[in-house]
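Only one structure is covered here, and it is reproduced in the block below.
The values are calculated or read from the model by the stated rules, or taken from the named source; none is laboratory data. In this text the structure is predicted, and so the values were computed from the model without any measurement. We place every Cβ from the backbone using ideal geometry, glycine too, and count neighbours over all the protein chains shown.
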Amino acid sequence: MEIREGELESLIATRHKRGYMLNIDRKEVLVFSKGNLLVVALLLFLDLDRFFFDWPDWILDVTLVLCLG
């Protein structure tokens, strides 16, 4: 999903006595099942790993063993 300039302000809507609502089309929503959450977590970890490249190698090894086990 791309957010154009000035669109961010309308992305979250307030619903009176209900809370907040993400104001996007249903076709732009990606839903994961419980079985996929571990894979998604691993992919996020690997993506974030480029920002924390000085982490010890054993953290990645343990994560891979737990996810692919």
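Are any residues in the stretch 31-60 at pLDDT below 75 and not β-branched (Val, Ile, Thr), and if so, which ones? If you could, list the steps in order and put the result at the bottom.
So the first thing to find is which residues in the stretch 31-60 are at pLDDT below 75, and the list is 48-60.
48, 49, 50, 51, 52, 53, 54, 55, 56, 57, 58, 60 - these are the residues of the stretch 31-60 that are at pLDDT below 75 and not β-branched (Val, Ile, Thr).
Taking the condition of being surrounded by 10 or more Cβ atoms within 10 Å (Cβ to Cβ) and in contact (Cβ under 8 Å) with a residue 12 or more places away in the chain, how many residues in the stretch 20-44 meet it?
Residues meeting the conditions: 6.
Determine the pairs where a residue that is part of a loop (DSSP other than H, G, I, E, B), located within the stretch 1-17, has a partner that is surrounded by 10 or more Cβ atoms within 10 Å (Cβ to Cβ) and at pLDDT 75 or above with Cβ atoms under 9 Å apart, the partner being 6 or more residues away or on another chain.
Note: pairs meeting the criteria are 1/24; 3/11; 11/23; 11/24.
For the list (1) at pLDDT 75 or above; (2) surrounded by 10 or more Cβ atoms within 10 Å (Cβ to Cβ), I need the number of the one condition that residue 63 fails.
Checking residue 63 against (1) at pLDDT 75 or above; (2) surrounded by 10 or more Cβ atoms within 10 Å (Cβ to Cβ), the one that fails is (1).
Can you name every residue in the stretch 8-37 that is over 20 Å from the mean Cα position of the chain (by Cα) and of a type in the set (D, E, K, R)? Spell out the reasoning first.
Taking the stretch 8-37 first, the residues over 20 Å from the mean Cα position of the chain (by Cα) are 9-10, 13-19.
Across the stretch 8-37, the qualifying residues are 9, 15, 17, 18.
In the stretch 12-43, what residues are more than 15 Å from residue 68 (Cα to Cα) and hydrophobic (A, V, I, L, M, F, W, C)? Talk me through it step by step, then tell me what you get.
Applying the first criterion (more than 15 Å from residue 68 (Cα to Cα)) to the stretch 12-43 yields 12-34.
Correct list: 12, 13, 21, 22, 24, 29, 30, 31, 32.
Would you be able to tell me the number of residues in the stretch 1-19 that are modelled with pLDDT of 80 or more, surrounded by fewer than 11 Cβ atoms within 10 Å (Cβ to Cβ) and either among the aliphatic types (A, V, I, L, M) or in contact with a Ser or Thr (Cβ under 6 Å, 6 or more places away or on another chain) (or both)?
Residues meeting the conditions: 1.
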